[in-house]
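The values are calculated or read from the model by the stated rules, or taken from the named source; none is laboratory data. Quick caveat: nothing in here was measured; it's all calculated off a predicted structure. Reconstructed Cβ throughout: ideal geometry from the backbone, glycine too, with neighbour counts over all protein chains shown.
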Amino acid sequence: MIDIIFMGGLVVFSISSLYFFFNRHKPEGLNTAFLVSFVTIASYVLMWDGFFAVESPAGQPIFWSRWLFYVVSCSLLMLEIGRAKGITSTGKVAELVFLNTIVMVTGTVSAVTSGWTKWLFFAISAIAYLILIIPLLRVRDGDSNWIDKYILLGWSGFPVVFFLAPTGIGLFGSAVAMGLYLLLDIYTKIAFNLQLKA
Amino acid sequence: MIDIIFMGGLVVFSISSLYFFFNRHKPEGLNTAFLVSFVTIASYVLMWDGFFAVESPAGQPIFWSRWLFYVVSCSLLMLEIGRAKGITSTGKVAELVFLNTIVMVTGTVSAVTSGWTKWLFFAISAIAYLILIIPLLRVRDGDSNWIDKYILLGWSGFPVVFFLAPTGIGLFGSAVAMGLYLLLDIYTKIAFNLQLKA
Amino acid sequence: MIDIIFMGGLVVFSISSLYFFFNRHKPEGLNTAFLVSFVTIASYVLMWDGFFAVESPAGQPIFWSRWLFYVVSCSLLMLEIGRAKGITSTGKVAELVFLNTIVMVTGTVSAVTSGWTKWLFFAISAIAYLILIIPLLRVRDGDSNWIDKYILLGWSGFPVVFFLAPTGIGLFGSAVAMGLYLLLDIYTKIAFNLQLKA
């Protein structure tokens, strides 16, 4: 089941990579939409292989490499969100990228540890996430409020799944978590970029 | 004993994180003082957990993850030092950040290896450190000479402790090393930022 | 034999580090030529030590840490190539650095995995490499066409060796691969920078 989800992610992000490669948002500069999809292909291939997966205390596979790929892909999304929100200060954009890196790296540590270390790192990751998104949601720019929907519904879905999955309290198994992450990936990385282009 | 030091670091840097979060140096841009303290919390939690610690040939624990966190926190301090020293060339600031990354990554390799590889990487790290700080100490900017004290007494304390600790010749044990690092962390990451704000 | 090659690399890049340190291309800014050689010393020392080497299914040593050092050194070369090609868009230069990082990290994963994962990551790395160099070769700037020779003969040599070495189909052993990589390193990191300075 997990294998089918990973294969699905591979196919979906291969198609979106091709689409965004040939349909650039801007003729010049970083083709962010393509790069995000392209990095996500690599993430799915690596999870499918299972090379870096570890086992949770309850015997469920933890595909922690996902969170390191998000350092790259979500930092790119931060550049897009910052631009769409009209944030022109380089320092402010650097802060978004930096906080995203902290969220993802501490999340990775939370995923592979257990006990109170897991929960302390989860807390640090969550705090960094709140510091990241609250000022972002406060930026009221006339044309960019549609982005808040992606942040609240999409981005915030990841820590919720993380908390309920074997990386957290283990309410459901890794297969369900991987399916939910795939939907969130499609929503925040493909649907978002399609609307950004539109 | 080591646990108490790590807990102490966790408490101290949690307080400084809160302080710098609510007392920004500048209203705009990267809140470096806060981010440095916040990253250091994560570093102390991970060392406290001991998840990534390895054992030295003499049986002492080596908490090498510290040096990877310094890639981030000390790069942020480089941005501050560069700005305080009046270095405006982006290339020059990038060189400081890049050299700091080399110092810390080669230091990490030195910490986890042994024999002549340890000492070669220690030498590379030390050379990169000298290349980093000598031009920095040479910048004579009227208002920023107080920073040299932090570089000479604070920053340079780290390689000395590293050399004397189980990561080097093992003159003293890991507990003493961790206590000294904590004092150096407080001096270079909290006292420095308090004086920078003042 | 492999040890002699690594020692040779260490000696050659120590000399080139010294040379470029005392013969800066530009008085101001990042001394890229020196930093590339300096990082390469660290890479050769680590391979010489063999600390991180893994074994291929055929029993050959895989020195995968090389590719992670290329993230740094080749990103610096990208800055130089971008400048020499007259690419002034920061976004475009960031794309070069970013694509190079994808090439090297996915190449590292390809080196340490086996079976179809190895080949999928090799394919992703190769695609990222083509996306990187094809637009670069298309930039026809009067004075910079000599660079194309380095890209086509030098840079493109690495994936060819990777494919034929134990990281790929294993046509020849690790010693031959290390010797070829050393020649390519000298060509793309020393000869290139000497011509750039000239």
Examine region B:129-142 for a residue that is closer than 24 Å to C:M47 by Cα and modelled with pLDDT of 95 or more, and state whether such a residue exists.
yes
Within region C:141-198, how many residues are hydrophobic (A, V, I, L, M, F, W, C) and under 30 Å from C:T88 (Cα atoms)?
15
Of these, A:T101, A:T117, A:T88, which one is farther than 29 Å from A:M1 by Cβ, assigned to a loop (DSSP other than H, G, I, E, B) and either more than 8 Å from every other protein chain (Cβ to nearest Cβ) or out of contact with any strand residue (DSSP E or B) (no Cβ under 9 Å at 6 or more places or on another chain) (or both)?
A:T88
Do we find that B:F13 is of a type in the set (F, W, Y) and surrounded by fewer than 16 Cβ atoms within 10 Å (Cβ to Cβ) in this structure?
no
For region C:104-114, give me the residue count where each residue is more than 17 Å from A:L35 (Cβ to Cβ) and either outside any helix (DSSP H, G or I) or facing chain A (nearest Cβ under 7 Å) (or both).
3
Can you tell me which residues in region A:166-198 are touching a residue at least 40 places away in the same chain (Cβ under 8 Å) and in contact with a Leu (Cβ under 9 Å, 6 or more places away or on another chain)?
A:G170, A:T188, A:K189, A:F192, A:N193
Would region C:96-108 turn up any residue that is of a type outside the set (V, I, T), in contact (Cβ under 8 Å) with a residue 40 or more places away in the chain and closer than 17 Å to C:R66 by Cβ?
yes
With respect to A:R83, is the statement that it is under 19 Å from the mean Cα position of the chain (by Cα), modelled with pLDDT under 90 and of a type in the set (D, E, K, R) true?
yes
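Quick one: in region C:47-63, which of the residues that are outside any loop (DSSP other than H, G, I, E, B) and touching a residue at least 60 places away in the same chain (Cβ under 8 Å) is farthest from the other protein chains (Cβ to nearest Cβ)?
Restricting to residues being outside any loop (DSSP other than H, G, I, E, B) and touching a residue at least 60 places away in the same chain (Cβ under 8 Å), the top hit is C:P61.
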Does region C:14-35 hold any residues that are part of a helix (DSSP H, G or I), within 11 Å of another protein chain (Cβ to nearest Cβ) and touching a residue at least 40 places away in the same chain (Cβ under 8 Å), and which are they?
C:T32, C:L35
Is one or more of the residues making up region B:119-135 loosely packed, with under 13 Cβ neighbours inside 10 Å and either touching a Gly at 6+ places or on another chain (Cβ under 8 Å) or over 18 Å from C:S37 (Cβ atoms) (or both)?
yes
